Amino acid sequence: MRLIGGEEHKSNEQPENENESNNEQEEFTLGLGLPHQSTRLVVGYALTSKKTKSFLQPKLENLARNKGIVFVAIDQSRPLSDQGPFDVILHKLFGKQWRQILEDYREKYPEVTVLDPPSAIKHVSNRQSMLQDVTNINLCDCHGKVGVPKQLVITEDPLSIPDAVTEAGLVLPLVSKPLIVDGSAKSHQLSLAYDQLSLSKLDPPLVLQEFVNHGGVVFKVYIVGEAIKVVRRFSLPDINKLELLNNAGVFRFPRVSCAAASADDADLDPGVAELPPQPLLEKLSRELRQRLGLQLFNIDMIREHGTRDHFYVIDINYFPGYGKMPEYEHVFTDFLLSLMEKKYKDYPGNK
């Protein structure tokens, strides 16, 4: 935790003296063993310009400031260790160089919370490993079952895909997704292959998933620490046997589920619209937080059409578009303050 000091990322003005700077800063006082010290949480962030715009909205910055949280932009042209000091580093950048910078920083400054560890993010940036932990979770007595669609990884030679699919026993139609998730729009593009011959038109490396009819709705389960928020988004429509017989080829789609495709206010069949049971979501998110080592992610879930309690996880995304989540500013600031509270409680004088 930092005493009053530092500078908010929007301000380029320098105060005339240090006392003036301290007096003008927003303060936040916690009664956690240091009742007379005004403190604030300094969050350094390293995000793309697009992510910064979508996440650091005025409603978040204003609420955070009132709660004693300050966001400071990390200058990627300067050594990270020369900046700060920070209580938390919030990031979503890709590449080996950035991962190494963060790993070195974590080793030098273990008291700083990095959201999230680069090694954990790497695990969910590959769709071959992304969903492995889901299949190992025991969700009995949680009012539902959660699985993963049968899938196959193809790393090269598109001409080999039809035979590989036959050998693996996958059933058409198949959803094709890029193997690596790197934050680009391309890594979230989907293709739907209706027939065996068209599979050779796909572009490896990729993951093929069996398409599961799900009423055209996907549940976006946002996770911020222990907090869970669920929203409905429109997805690919169901495919019947007649459509499968009468269609051929590969159909490409941009990112399917987005804020513009919200299904929360749509007139949906109750069996499609009903959210997954809360006990199921709580246990699933808790288990995945522990297994993945992540605090900030979302789960894309679907309910198999015609069932009430059979769900599939089809994707996991690190640091998703929280700006699309209802009341995200309250959820996120509460989460950051909980990190601050835990840090105070861990101080030797407060135990």
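Would you check which residues across region 304-341 are of a type in the set (A, V, I, L, M) and either more than 18 Å from Pro277 (Cβ to Cβ) or open to solvent by 30 Å² or more (accessible area, probe 1.4 Å) (or both) and list them? Steps first, answer last, please.
Within region 304-341, the subset of a type in the set (A, V, I, L, M) is 313-314, 316, 325, 331, 336-337, 339-340.
Selection gives Ile314, Ile316, Met325, Val331, Leu336, Leu337, Leu339, Met340.
Would you say His36 is touching a Phe, Trp or Tyr at 6+ places or on another chain (Cβ under 6 Å), open to solvent by 40 Å² or more (accessible area, probe 1.4 Å) and at pLDDT below 90?
Working: touching a Phe, Trp or Tyr at 6+ places or on another chain (Cβ under 6 Å): no; open to solvent by 40 Å² or more (accessible area, probe 1.4 Å): yes; at pLDDT below 90: yes.
Criteria not met by His36.
One line per residue, one yes/no per condition, for (1) of a type in the set (A, V, I, L, M, F, W, C); (2) on the phi < 0 side of the Ramachandran plot; (3) at pLDDT below 95:
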position: Ser262; (1), (2), (3): no, yes, yes
position: Asp269; (1), (2), (3): no, yes, yes
position: Arg289; (1), (2), (3): no, yes, no
position: Ile299; (1), (2), (3): yes, yes, no
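Could you say which residue among Phe86, Phe94 is open to solvent by 30 Å² or more (accessible area, probe 1.4 Å) and either among the hydrophobic types (A, V, I, L, M, F, W, C) or part of a loop (DSSP other than H, G, I, E, B) (or both)?
Details: Phe86 fails: open to solvent by 30 Å² or more (accessible area, probe 1.4 Å).
From the options Phe86, Phe94, the qualifying one is Phe94.
Is it true that Arg99 is in a loop (DSSP other than H, G, I, E, B), open to solvent by 30 Å² or more (accessible area, probe 1.4 Å) and among the basic types (Lys, Arg)?
no
What pairs come up if the first residue lies in region 40-59 and is farther than 21 Å from Met325 by Cα, the second is of a type in the set (S, T, N, Q), and their beta carbons are under 9 Å apart, counting only those six or more places apart or on different chains?
Every condition considered, the pairs that remain are Arg40/Gln25; Gly44/Gln83.
Being under 22 Å from the mean Cα position of the chain (by Cα) and at pLDDT 95 or above is the filter here; which residues of region 181-204 pass it?
Passing the criteria: none in range.
Where residues in region 223-244 are more than 24 Å from the chain's Cα centre (by Cα) and charged (D, E, K, R), which of them is least open to solvent (accessible area, probe 1.4 Å)?
Asp238
Condition first: in a strand (DSSP E or B), in contact (Cβ under 8 Å) with a residue 60 or more places away in the chain, open to solvent by less than 80 Å² (accessible area, probe 1.4 Å) and farther than 17 Å from Ser198 by Cα. Now tell me which residues in region 119-176 satisfy that.
Matches in region 119-176: Val146, Gly147.
Read through the list (1) over 22 Å from Tyr318 (Cα atoms); (2) modelled with pLDDT under 95; (3) open to solvent by less than 80 Å² (accessible area, probe 1.4 Å), then give the number of the only condition that Glu26 fails.
The failed condition is (3).
Go through the residues of region 180-203 one by one and say whether even a single one is among the β-branched types (Val, Ile, Thr), open to solvent by less than 30 Å² (accessible area, probe 1.4 Å) and assigned to a loop (DSSP other than H, G, I, E, B). Outline the logic, then answer.
Taking region 180-203 first, the residues among the β-branched types (Val, Ile, Thr) are 180-181.
Within this subset, residues satisfying the condition of being open to solvent by less than 30 Å² (accessible area, probe 1.4 Å) are 181.
Imposing the further condition that a residue be assigned to a loop (DSSP other than H, G, I, E, B) reduces the set to 181.
Within region 180-203 (the criterion being among the β-branched types (Val, Ile, Thr), open to solvent by less than 30 Å² (accessible area, probe 1.4 Å) and assigned to a loop (DSSP other than H, G, I, E, B)), the answer is yes, since at least one residue qualifies.
Any residue in region 324-345 that is more than 15 Å from Asn62 (Cβ to Cβ) sitting within a Cβ distance under 6 Å of a residue that is in a helix (DSSP H, G or I) and not polar (S, T, N, Q)? List the pairs, counting only those 6 or more apart or interchain.
Lys324/Ala259
The values are calculated or read from the model by the stated rules, or taken from the named source; none is laboratory data. Quantities reported herein were computed from a predicted structural model and do not represent experimental measurements. Please note: Cβ atoms are built from the backbone with ideal geometry, for glycine as well, and neighbour counts cover all protein chains shown. Accessible surface is based on the protein model in full, side chains and every heavy atom, while ligands, DNA and RNA are left aside. Shrake-Rupley method; radii C 1.70, N 1.55, O 1.52, S 1.80 Å.
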